[in-house]
Amino acid sequence: MTPTGPSTGTSTRLSASELIAATREQLQGAQSSRCAFVVITLNRGDRLFALAQQARARPVMLEVLTRLKTILRAADLYCMASHDELWLLLRELPSSALVELATRTLQQSMARPIALPDGSTVRLQPHVGAALLAKNHHADPMLLLQAAAGACTRARKTEDHVEIVRLDTDTDLVDMDTLAADLGVALSGNELEVHFQPQVSLSTNQCIGVESLVRWNCPKRGFVNPQLIANLCEERGMMPQLTQFVLNTSLRHTMFWQSQGVHAKVAINVSASSLSDSTFPIQVAQAIATWDADPKMLTLELTESAIVENEAIAIEFMNQLADQGCRLALDDFGTGYSSFAYLRQFPLHELKIDQSFVRHIERDKGDRRIVSALVDLAHTFEMQALAEGIENESVANLLRELGCDLGQGWAYAKALPSNDFIAWFKARAVQLQAVTTT
């Protein structure tokens, strides 16, 4: 990664945990050099081809890594954080201008079409976010990762799909221990909020449920990224407390909505650590009893990565919840391990289609075929298919044509506070009634 062209050095590939450890060592050095943490999302269109065509996925990633290594220097470190996300640590940077050059070069390189052995091509849609840290500034590596990930998310809306954030002052470098302590206080004091994103039946356009999403408006630092909240809770042992908060808050609001004539199921996310907690099904039963809720109105969402960590425990865990009458959803299918085997083993009711597959189905035939295959797969296993990330009506119409059952996304509404959701639900009901009577 040099202004004059590719480096002749060899960068080092690490695991994600090794890269975080190396970043920590870099940041805690007595005389730390200027460095940058970079997150690249590839937004691969070939992901689910890996289910049936490993030969197609392999050359794509080999080419990605080849291009990456021609750009990076010997001092740089990188890892495959997931099958479509790269993390990089650019060390010993002589100037911030080099980060500008590197990020744009990386984006342009990854965006070039990749030729496959069968003569077809794959075009990635990379976004690059970087967090640049000045010399002799110290920070927790998770904060640097969070800043880079946030920049990568914002890069989606930029013309060149690159976003760089500069952390040049100590006020930018919040100690993660302090943040975790503040989060613990916020949890104990019920200072967090739960917002609700509507889920809509694509056949009737009626809202049938919501997904519960945690929000924290910290008095010291404003809104905190929800993923950072989840990561901190998982890392610091606060996930049981967070899950219980979301569960009880969601059920409490659900019962209040019913008193207002609003009937909607509620879905909450269940972490990997909850799967290993033998008391969690009991806690769910107690929360249902406390709020006198119908268990069929509660959906518990689990990710495939959490399930495959311990399938035996997951089977028992999910059967206990299903026996109580709760619904179970599989989230993020196709973005990780993607095995059909556990679809037969687990009592699942819903398959959630990740927004990365949904976003471009209007113009990308590959994504459209993937979504169609996932809908058929869900129906084969007697599950409903729910598509995330619907941003406009034309995407919703196309999903309807593909037989998808449910959808959520900004085409309907963002995640809303409880009272705003009630108002949105009632207004939508009126609009649907007006359409029906005309």
Which residues, counting only those in the range 1-29, are assigned to a loop (DSSP other than H, G, I, E, B) and modelled with pLDDT of 85 or more? L14, S15
Which count do you get for residues in the range 174-192 that are surrounded by 15 or more Cβ atoms within 10 Å (Cβ to Cβ) and of a type in the set (D, E, K, R)? 1
Every residue in the range 83-118 that is hydroxyl-bearing (S, T, Y) and surrounded by fewer than 14 Cβ atoms within 10 Å (Cβ to Cβ), please. S95
Failed condition for L374, given (1) surrounded by 15 or more Cβ atoms within 10 Å (Cβ to Cβ); (2) at pLDDT 95 or above: (2)
Give the residues of the range 395-438 that are hydroxyl-bearing (S, T, Y) and over 20 Å from Q384 (Cβ atoms), sorted by residue number. S418, T436, T437, T438
Is it fair to say L213 is surrounded by 20 or more Cβ atoms within 10 Å (Cβ to Cβ) and either more than 26 Å from A423 (Cα to Cα) or in the same structural domain as D277 (by TED's automatic domain parsing) (or both)? no
Go through the range 243-263 and report how many residues are over 11 Å from S418 (Cα atoms) and surrounded by 21 or more Cβ atoms within 10 Å (Cβ to Cβ). 3
When only residues in the range 277-309 that are more than 27 Å from the chain's Cα centre (by Cα) and touching a residue at least 40 places away in the same chain (Cβ under 8 Å) count, which is surrounded by the fewest Cβ atoms within 10 Å (Cβ to Cβ)? T290
Candidate set from the range 325-342 (those that are at pLDDT 90 or above and in a loop (DSSP other than H, G, I, E, B)); member that is farthest from A314 (Cα to Cα): G325
I want to confirm something. Restricting to the range 343-353 and keeping residues that are buried (at least 18 other Cβ atoms within 10 Å of the Cβ) and in contact with a helix residue (DSSP H, G or I) (Cβ under 7 Å, 6 or more places away or on another chain), which single residue is modelled with the highest pLDDT? L351
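The values are calculated or read from the model by the stated rules, or taken from the named source; none is laboratory data. This structure is a prediction, so every number in the text was calculated from the model and none was measured. Backbone-built Cβ (ideal geometry, glycine too); neighbour counts: all protein chains shown.
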